[in-house]
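A.B. asks: First the structure, which I've put down as C-alpha cells, then a few questions once you've had a look.
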Amino acid sequence: MELNSKVDKYLIDGCMRCKYGGTPQCKVNNWRTELELLRHIVLETGLKEELKWSIPVYTHNGKNIVMINAFKEFANIGFFKGQLMTDKEKILQQQGNIQSSRFVKFSNAKDIIILKDVLKSYILEAIAIEKSGKKVEIKKNSEPLPDELLHAFQDDQKFKNAFYNLTPGRQRGYIIYFSQPKQMQTRINRIEKYKSQIFKGLGLNDHYNC
C-alpha cells in the first residue's frame, strides 16, 4: 500500500479550490474519518493513488477507476465507469446529468465499515471493467451551441479542449446557461466569467459545494 503525500495534504487542507481551503470551514474537515476509511479500502485493492482535479483519484495502468471526495452533506466514493457495473447491492447513485460515473454517499463512518467488503468487490469489478476495454456510450448534447461559445472556441483552442474534456452533463449545463440570455453581450459575459472554472474541470454549480 503506497500512500501519496499529495493526498495526505488534501486530507489536511482540502482541495484548495475555494476560499475555505486550509481553514476549519473546509468541508474535508467534516468528513476526514470517512475519507481516510475509503482511502484505505481503495488502496487495499492495489490501485495507484494520485491527485487529479485537486481530489484523490485511484488508477490502474494510468486509467481512472475510482475517486473519493467530500461535499457539504456527505463523503463519497465515485466509480468512473459506474454505469457499466452490475450494482448488485443497489447502492450506486447517479449525480445530476453525469452519464458514466456512479457514486456511493456516506454520512458516517459506521456505514463504510459495514460495507467494506462490498466496496472492495465493487472496486475489483470496476478494475475488471477497465481491463476488459468496455466503453460507456455517451449520448451527445442535443442542445445547439450558442454562436458566442463557438466564437470563443475559434479564438482559443485550449478553451475548446477544456470544454470538451468536461463530462457531457457539465457541458450541457454550461450550454443551457450560456444560451439563456437574449442579449449577445450577456451571453459573452457569461462565457468569460466561467472560463477559469471550465479550465479547472468544474461544472456550472461545482463551486457552490465549497
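A.B. asks: Using a/c under 1.5 as the rounded threshold, could you call the range 152-210 rounded, prolate or oblate? The axes a ≥ b ≥ c are square roots of the C-alpha gyration tensor eigenvalues, and prolate needs a/b larger than b/c, oblate otherwise. Working shown, then result.
C.D. replies: On the way: a/c = 1.64, a/b = 1.15, b/c = 1.43.
It comes out oblate by the Cα gyration axes.
A.B. asks: Where a Cα-Cα gap under 19 Å defines reach, which aspartates and glutamates qualify for residue 19, not counting those fewer than 8 residues away within the same chain?
C.D. replies: The qualifying aspartates and glutamates are 73, 206.
A.B. asks: Note the full-extension length gain between residue 113 and residue 136 as 0.36 nm times their separation in residues minus their Cα-Cα distance, in nm to one decimal. Mind showing how you got there, number by number?
C.D. replies: On the way: separation 23, 0.36 × 23 = 8.28 nm, distance 3.00 nm.
So the chain would gain 5.3 nm between residue 113 and residue 136.
A.B. asks: In this model, which of 81/134; 81/131; 88/120; 27/105; 63/158; 158/193 are farther than 18 Å apart at the alpha-carbon?
C.D. replies: Numbers: 81/134 9 Å; 81/131 12 Å; 88/120 13 Å; 27/105 15 Å; 63/158 23 Å; 158/193 16 Å.
Pairs exceeding 18 Å: 63/158.
A.B. asks: Please arrange 117, 147 by how many other C-beta atoms lie within 10 Å of their C-beta, fewest to most.
C.D. replies: Arranged by neighbour count, lowest to highest, 117, 147 become 117, 147.
A.B. asks: Report, largest value first, the span of the C-alpha coordinates of the chain along each principal axis, in whole Å.
C.D. replies: 54, 42, 28
A.B. asks: Then there is this: Stretch residue 50-residue 147 to full length: gain in nm at 0.36 nm per residue minus the Cα-Cα span? Spell out each step's value before the answer.
C.D. replies: Details: separation 97, 0.36 × 97 = 34.92 nm, distance 3.77 nm.
Between residue 50 and residue 147, full extension yields 31.1 nm more.
Only the coordinates and a few stated rules stand behind these numbers; no lab work does. These figures come from a predicted structure and were not determined experimentally. Counting neighbours? That spans all protein chains shown, and the Cβs are built from the backbone with ideal geometry, glycine included.
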